[in-house]
Amino acid sequence: MYFTPGILSSRNVLFIGLSILALLFFYSGNADAFPALYDSNCVSCHPAPTPSTCAGCHSHGVHSSTAKSDINLSATMDKETYMPGETVSVSFTGGYRAGWVRAYLYDNTGALVDNTSAGTNGLGNVEEFPGPIILTGTAPATAGTYTFTAAWYGNQFDLAQVGGTTTFGPNWTPDPSNPNHGQEKIATNSFMVTAGADTTAPTVSSTLPDNNATGVPVGSAVTATFNEAIDPATVTTASFLLQAGVDNVAGAVALNGAGTIATFTPSAPLQDNTVYTATLTTAITDNSANPLAAAYVWTFTTSAVADTTAPAVSSTLPDNNATGVPVGSAVTATFDEAIDPATVTTASFLLQAGVDNVAGAVALNGAGTIATFTPSAPLADNTTYTATLTTVITDISGNPLAADYVWTFTTAAAVVPALSGDDDAWFGCAISPSRGENGGNLGTYGFLLLLALGIALRKRVRRRKE
């Protein structure tokens, strides 16, 4: 075979070899897309050697669907009333996945008053979601009612963009200096700033049983909810009384952690069809030593017949056989009557993946009708879980569930965005499974091919000269 001069010049060979190498690289991809995207998009702001740095931007923006319309954040003030200029503390919790977070606190004027990143990129902050993360500020100088705003900073491209949107909705504030980044904001509960020292008497906002209630189960506890925190030292069996006529009922009194709910628990079930009188005396004061303006008195009547009906579960969340459940979900069961809180524990409310128990905490709401199991960590993707309420759970009259109540649900599958087209322009860190696993090796194959072409050309030139 005779080669026409110039057809396979060294320049042409180099061009052909490089073209083949480029095609191999393009179609084979990178064997490890995660570091490649990290190095091209994130490393300038987060210079760290591993992709785990991406947690700060991407641990918290995941929503339960690509619509990105729901928010799993809460920001709670540590008090309801402050003095002008007093330090306020905000407990910031949430996130659909755990990880370090850049969190911010803004006051009522929108001014930044605290953040976890101390003015830096916040690389690897010790503060993590689900929290709580404690942020502090200063109460306004003028009396009134206010709210503050808490926010996390991150990247909006946290879910697969196929079918999704590019914003989180009205609570998302884009960062004009950093494309595709911004803040997800949530308002705190409202609080009051008083003009001077607190001189306002506390009030009772509700009771259980209600005043003049009838048919009250004989196993009931008696509770009173106040409009502000109460001094726990002032809530005793001498200041919170329960009487049948003139006879005092024996029992114990307790105040919840927030200091707003006082509970009288009788030592024994109450009598059937009997009128009881509950009294809160003026010995009860708030934390500023302001007493109740007057004794608070209400009455109720117990049921004529002892309660012997077993409690029942009226609904659950997630529903039985639900699918696509977010991995950050808590599990709740709603009962048709008040449940004895002492019987609702992690031994009677179980969550399991197969035969393995899920670690978590169990709580009962104030009315005693909703039990919630909150996992200690997010659940696993695409996994079937079984929730069980055992017959250890009883109503306040001591009646247990008729049988164990069991339901199952399946968590959502992990969503992994695929890279194609302009996806390399994303500002985020995501693993792309769309390219081959041997991309690094194919780059080497291209180099060897180029070398072989050069050797073949050299031999052909030598033969021609001979």
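The values are calculated or read from the model by the stated rules, or taken from the named source; none is laboratory data. What you are looking at is a predicted structure, and each value in this text was computed from that prediction instead of being measured. Positions of Cβ are backbone-derived with ideal geometry, glycine not excepted, and every protein chain shown enters the neighbour counts.
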Residue check, residue 295 over 30 Å from residue 228 (Cβ atoms) and without any contact (Cβ under 8 Å) to a residue 60 or more places away in the chain: no
Pick from 231, 247: which is over 18 Å from residue 202 (Cβ atoms) and acidic (Asp, Glu)? 247
Restrict the check to segment 115-134 and report whether at least one residue is among the acidic types (Asp, Glu) and modelled with pLDDT of 85 or more. no
Hey, does segment 408-420 have a residue that's part of a strand (DSSP E or B), modelled with pLDDT of 50 or more and of a type outside the set (Ser, Thr, Tyr)? yes
Looking only at segment 233-254, how many residues end up being β-branched (Val, Ile, Thr), under 22 Å from residue 291 (Cα atoms) and assigned to a loop (DSSP other than H, G, I, E, B)? 3
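Which members of segment 355-372 meet the condition of being touching a residue at least 24 places away in the same chain (Cβ under 8 Å), closer than 20 Å to residue 320 by Cα and in a loop (DSSP other than H, G, I, E, B)?
Once the filter is applied, which keeps residues that are touching a residue at least 24 places away in the same chain (Cβ under 8 Å), closer than 20 Å to residue 320 by Cα and in a loop (DSSP other than H, G, I, E, B), segment 355-372 yields 358, 369.
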Determine whether segment 334-348 contains at least one residue that is farther than 30 Å from residue 309 by Cβ and crowded, with 18+ Cβ neighbours inside 10 Å. no
Being closer than 17 Å to residue 297 by Cα and of a type in the set (Gly, Ala, Ser) is the filter here; which residues of segment 228-284 pass it? 238, 239, 244, 245, 262, 278, 283
Filter result (over 20 Å from the mean Cα position of the chain (by Cα) and closer than 16 Å to residue 92 by Cβ) within segment 174-204: 191
Condition broken by residue 268, with the remaining ones in (1) in contact with a Ser or Thr (Cβ under 9 Å, 6 or more places away or on another chain); (2) free of Cβ contacts under 8 Å to residues at least 24 places away in the same chain; (3) not in a strand (DSSP E or B) satisfied: (1)
Residue 391 being in a loop (DSSP other than H, G, I, E, B), at pLDDT 95 or above and either touching a helix residue (DSSP H, G or I) at 6+ places or on another chain (Cβ under 6 Å) or surrounded by 14 or more Cβ atoms within 10 Å (Cβ to Cβ) (or both): yes
Which strands (runs of 3 or more DSSP E) does segment 142-210 wholly contain that include 3 or more residues that are hydrophobic (A, V, I, L, M, F, W, C) and either modelled with pLDDT of 85 or more or closer than 30 Å to residue 225 by Cβ (or both)? 191-193
Looking at segment 322-345 only, could you name the residues that are under 16 Å from residue 379 (Cβ atoms) and of a type in the set (S, T, N, Q)? 323, 329, 332
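Residue by residue, here is whether (1) touching a strand residue (DSSP E or B) at 6+ places or on another chain (Cβ under 8 Å); (2) in the same structural domain as residue 392 (by TED's automatic domain parsing); (3) crowded, with 20+ Cβ neighbours inside 10 Å holds:
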{"position": "224", "(1), (2), (3)": "yes, no, yes"}
{"position": "255", "(1), (2), (3)": "yes, no, yes"}
{"position": "260", "(1), (2), (3)": "yes, no, no"}
{"position": "267", "(1), (2), (3)": "yes, no, no"}
{"position": "277", "(1), (2), (3)": "yes, no, no"}
{"position": "283", "(1), (2), (3)": "yes, no, no"}
{"position": "290", "(1), (2), (3)": "no, no, no"}
{"position": "295", "(1), (2), (3)": "yes, no, no"}
{"position": "307", "(1), (2), (3)": "yes, no, yes"}
